[in-house]
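In what follows, a structure is listed as structure tokens, so that the remarks can point back to it.
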Amino acid sequence: MATSDGFDALEREVVDHVFRMHPSAAVELGLHAYDGRLPDLSLPATEGWAATADDLLRRIEAVDAATLSPARAIDRFLLRLLLEEHLFGLRESMDLDRNPMGYVGAVSLTSYLARDYAPVPQRVDAIVRLLEALPRLFDQGRARLRAVLPRPFVELALSMAEGVPGHFDDAQAFAATAGLGERVARARAPAEAALVEFLGWLREEKLPRSTPEFALGPEKFQRLLFVREGIEAPFDEMRRAGEADLARNRARLAEIATAQGVEPGALYDGMARDRPTAGEVLATARAYVDETREFVRSRSLVSIPGPAECRVEETPAYSRATTTASMNPPGAFDTKSPVGIYFVTLVDPKWTAVQQDEWLRSLNRPALRNITVHEVYPGHYLQFLHLRSTPSSLTRKVYQSPSFIEGWAHYAEQLAIEAGLHAESAWAEVAQLHDALLRNCRLLSAIGLHTANWTVERSTQLFRTEAHLDQLPAYREALRGTFDPEYFCYTLGKLAILDARRRLLARRFGGDLQAFHDALLGEGCPPVGLLDPLLDGEATG
């Protein structure tokens, strides 16, 4: 059952159509033909895009799956999801009509600043083209956004924008290294003016009229599970699984606390005492990158495709307000460099001494080691090395399931503890459990906020009680759930991988954990609802 040339052509057509609406995603994957582009988000343009997507869906449905190999039949389904998830955003969740964050978020220049994929002048060209296109984008936002917007969305859009001037400063300084700083300055001025005008409009006109209503509702939430993860089971099953995982993690934390003669919440105070100084954070993170790589290798947990190189750098100004740490991995189509960039947010010199100490408490050594497991080895960086090095179809290189990506990295944290990472003390496991409880609360909060009329206050209390967060971080977690219902992805993906391991490790892989992990990562980043057919030994490739 060979794949037809017609299906190959249709695959390329679908992928290109998706990237017309989301060129930044293509750039992140290493497809630099899309550099410097912003989508046309006017209503006529997106309606035209949706009409073409409808036609592509009909053409996909017309392909007889029986004429394709099992692997390409799954690709056919993934192409359908690629289109349906974006149509969902346009027609059902109405993201461009009700969330100004989508317009402010288009400002990011990180792909051009962080990755050395081309000479500086070529990357500056892309930055300038994007800056020149921003005023039109903000005009489209003002024309399109509804009269009454969800208050959390407006507040968060305004908060996101605080880091933009610093981000533009970084771009100008980067261009200056090639004598092109003035070129960026000229393009930056109207872009920044348009952003200021857009933000003023949000603050003066939209914020006073905003509403606390934000929820998708049960039907759309259920639909989201399908278009993003291929899941048709009722979301209540996900809720019960999340509650059960929370109970397991809570019980294990209580067991450790009892052994130490303290309350569970007090464990975090003990962990926080082992923290680096402000000047030691990056060096500590670099040491943990080396340590966790050697741990993965020595325990034969998962293969490490070569070459591999991970740099540790300070989080750029644009992302500081929303990010503790993150991974900028090499794109699936980036053939030039395997370098991953592990960003860690340092203390801000403008903070008070108390604020700086609080930040360093949160970046204590056990927590930072667990973050490194998640972001680097065997988490995101290693995952994207596999995506980059595994021969696979265009669809498998492009499809990016949040629950698989974040689920793998969250699973990696538990895997490291199971394999004995720093088992000589309880702190490594306490750090892992702390993050697991946080992700459990995200799953339950997403469901509550979007299907059960939960308020932000009720969600905040969940994070305070079950994840042991202080008021401000608990509130910020709850607020995130209003606009990001998919932050269920960490726990959902982890549980899906654990379930696949339980069912298949002995039967299909003879108990060989590395073989299971390599097969799993060899499938790309598929929706977790497809793990069964992908790993059953018949539909891979």
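What follows is calculated from the coordinates using simple rules that are stated; it is not laboratory data. Everything quoted here is computed from the prediction, not taken from an experiment. Cβ: placed from backbone, ideal geometry, glycine included. Neighbour counts: every protein chain shown.
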How are the Cα pair distances of the stretch 5-213 distributed, in percent, across 10 Å bins from 0? 8, 29, 30, 22, 10, 2
Could you tell me the relative contact order of the chain? Use alpha-carbon pairs under 8 Å, at least six residues apart, and round to a whole percent. 16 percent
Run the quick spin-label model on Leu505 and Asp484: label points 7 Å from Cα toward the beta carbon, then report their separation in nm to one decimal. 3.0 nm
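Which FRET efficiency, nearest 0.05, do Ala259 and Ala419 yield, Cβ-Cβ r, R0 22 Å? Working shown, then result.
Working: r = 21 Å, r/R0 = 0.96.
After rounding to 0.05, the efficiency reads 0.55.
First check a/c for the stretch 225-532, with a ≥ b ≥ c the square roots of the eigenvalues of its C-alpha gyration tensor; if it is under 1.5, answer rounded, and if not, answer prolate when a/b is larger than b/c or oblate otherwise.
On the way: a/c = 1.38, a/b = 1.13, b/c = 1.21.
Note, shape of the stretch 225-532 comes out rounded.
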Per DSSP H run of n ≥ 4, the term is -39500 (n - 2.57); total these for the chain, divide by its residue number, and report the mean residue ellipticity at 222 nm rounded to 500 deg cm²/dmol. -20500 deg cm²/dmol
Simple label model, 7 Å out from Cα along Cβ direction - Asp16 to Glu61, nm: 2.5 nm
Given a Förster distance of 35 Å, report the FRET efficiency between Ala25 and Ala266 from their Cβ-Cβ distance, rounded to the nearest 0.05. 0.20
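Arrange the peptides 396-405, 98-107 so that the one whose residues have, on average, the most other Cβ atoms within 10 Å appears first.
Details: 396-405: 22.9, 98-107: 21.1.
Result, highest mean Cβ count within 10 Å first: 396-405, 98-107.
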Extension gain Leu498-Thr323, at 0.36 nm per residue separation less the Cα-Cα distance, in nm? 60.3 nm
Tally Lys and Arg at +1 and Asp and Glu at -1 over the other residues with C-beta under 14 Å from the C-beta of Ala257: what net charge comes out? -2
Full extension between Glu358 and Glu457 adds, at 0.36 nm per residue less the Cα distance, a length in nm of 33.3 nm
Give me the distance between the Cα centres of the stretch 238-252 and the stretch 443-506, rounded to whole Å. 11 Å
Find how many whole Å separate the alpha carbon centroid of the stretch 122-173 from the alpha carbon centroid of the stretch 63-108. 23 Å
Length gain on complete extension for the stretch Thr52 to Ala283, per 0.36 nm per residue less the alpha carbon to alpha carbon distance? 78.1 nm
Between Ser69 and Met94, what is the label-point separation in nm under the 7 Å Cα-to-beta-carbon projection? 4.5 nm
Given H placed 1.01 Å from N in the peptide plane, which residues other than close sequence neighbours of Cys310 have an amide H under 5 Å from its amide H? Gly340
Rg/Rh over Cα atoms for the stretch 406-541, Kirkwood Rh, comes to 1.04
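Do you know the relative contact order of the stretch 154-212, to the nearest whole percent, from alpha carbon pairs under 8 angstrom that are 6+ apart?
Reported as a whole number, the value is 45 percent.
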Summed side-chain charge close to Thr372 - residues other than Thr372 whose Cβ falls under 14 Å, Lys, Arg +1, Asp, Glu -1: -2
